[in-house]
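Report on one structure; see the data block that follows.
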Amino acid sequence: MSTPTKSAYWQGLRDGAPFILVVTPFAMLFGVSASEAGLPLAEVMSFSFLVIAGAAQFAALQMMTENAPVLVVLATALAVNLRMAMYSAALTPHLGHAPLWKRAVMAYFIVDQTYALSTLRYEREPALSLSARVAYFAGTASPVCLPWYAATWVGAEVGARIPPEFALDFALPITFLAMIAPMLRTAAHVAAALTSILLALGLAFLPYNMGLMTAALAALIVGAQVELWQTRRRARAS
Amino acid sequence: MSYTGAETWAIIVLLGIGTFLIRFSFLGMIGDRALPEWVLRHLRYTPVAVLPGLVAPLVLWPEATGGDPDAPRLAAAAVTVALGVGTKNVLVSICGGAGTLYLVQYLTG
């Protein structure tokens, strides 16, 4: 690696480092919850290696404890990950000219934090060379993604030994709620969340967990519509 | 959980492939083309459309109590959301929520 490339890697590593504090307990919690739910170690670890996406892993796990049909588990968890198409699109102008294998490796490591840090950096420093951009992305991915595997393993090993009186059944809902709350940034996000809650509860009687799918679809449309109304109102006001 | 080994592996592997394809979509295949505004607008709301609906029944009708609402879990959920909205800090909210759960369980149990 040339000097500017190397320093871009270290810069990314430094910018990503604080996220170790978020990612590690989160992955441990997944390991604990998954082994509590009865998944063997190999399956738990494969989840974290192949999927490497916290919210979707938790969503799949929850649907699995409810014995939802395989297709419904997949649809729910993939729906949670659809936002990553947006990240992929946002990174393409900056990284799209890298060789295919590098793009494939980087795609695997696209998560909330690597996307957010990298696009911020690329926009602030448009003169950054392609190799420096790739190195910066790798730098952010190192502290954010690599601890994910190790912490999942620790959680899975520990989880099997925690006695039931600790009410770990509720670790998962608390984690979800903690993830959702900071997302409620705008009226549109709040409207989408409320629609999702009310319809999911109201349609809970539908078979195959179809209530959640219906609720999610409706919530998506409500969120987008509220955003549209707000944008139009602001345009009229100005 | 009552899946066969093959079903569990199918979930994990297909979810891995599907997630990779979502991540690889533009960077690897579609390339540098702007997404239509209406698509972006819907993609923005996917997590907030799925996760609240997933968690709501778990809070109101927890399986551990046989589906009856119970005070420790409701209190824990309320504190987690309040801390999350107030601090935007995921760890603080998780710790606050878990602390509330154990505290109310101790006080009422």
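The values are calculated or read from the model by the stated rules, or taken from the named source; none is laboratory data. The shown structure was predicted, so the numbers you read here are calculated from the model rather than taken from an experiment. So basically every Cβ, Gly included, is an ideal-geometry build from the backbone, and we count neighbours across all protein chains shown.
Looking for whichever is modelled with pLDDT of 85 or more, buried (at least 23 other Cβ atoms within 10 Å of the Cβ) and either assigned to a helix (DSSP H, G or I) or polar (S, T, N, Q) (or both) here; the options are B:ARG41, B:ARG73. Which one fits?
B:ARG73
Considering each residue of segment A:21-29 in turn, none proves to be small (Gly, Ala, Ser) and either outside the structural domain of A:ALA171 (by TED's automatic domain parsing) or out of contact with any Gly (no Cβ under 7 Å at 6 or more places or on another chain) (or both). When segment B:83-107 is limited to residues that are small (Gly, Ala, Ser) and within 8 Å of chain A (Cβ to nearest Cβ), the one that is farthest from A:LEU172 (Cα to Cα) turns out to be B:GLY84.
Identify, from the list A:ALA218, A:ALA204, A:ALA237, the residue that is in contact with a helix residue (DSSP H, G or I) (Cβ under 6 Å, 6 or more places away or on another chain), free of Cβ contacts under 8 Å to residues at least 12 places away in the same chain, of a type in the set (Gly, Ala, Ser) and farther than 22 Å from B:VAL85 by Cβ.
A:ALA204
Just one of the numbered conditions (1) more than 9 Å from chain B (Cβ to nearest Cβ); (2) closer than 20 Å to B:TRP61 by Cα; (3) at pLDDT below 95 is not true of A:LEU146: (2). Here is a check on your reading of the model: is A:ALA178 at pLDDT 95 or above, out of contact with any Pro (no Cβ under 7 Å at 6 or more places or on another chain) and crowded, with 23+ Cβ neighbours inside 10 Å? Taking the combined requirement at face value, the residue does not satisfy it. Considering only residues in segment A:64-89 that are of a type outside the set (Gly, Ala, Ser) and more than 8 Å from chain B (Cβ to nearest Cβ), the one that is surrounded by the fewest Cβ atoms within 10 Å (Cβ to Cβ) turns out to be A:LEU71. Is it the case that some residue within segment B:26-33 is on the phi < 0 side of the Ramachandran plot, buried (at least 19 other Cβ atoms within 10 Å of the Cβ) and not small (Gly, Ala, Ser)? Yes, the conditions are met somewhere in segment B:26-33.
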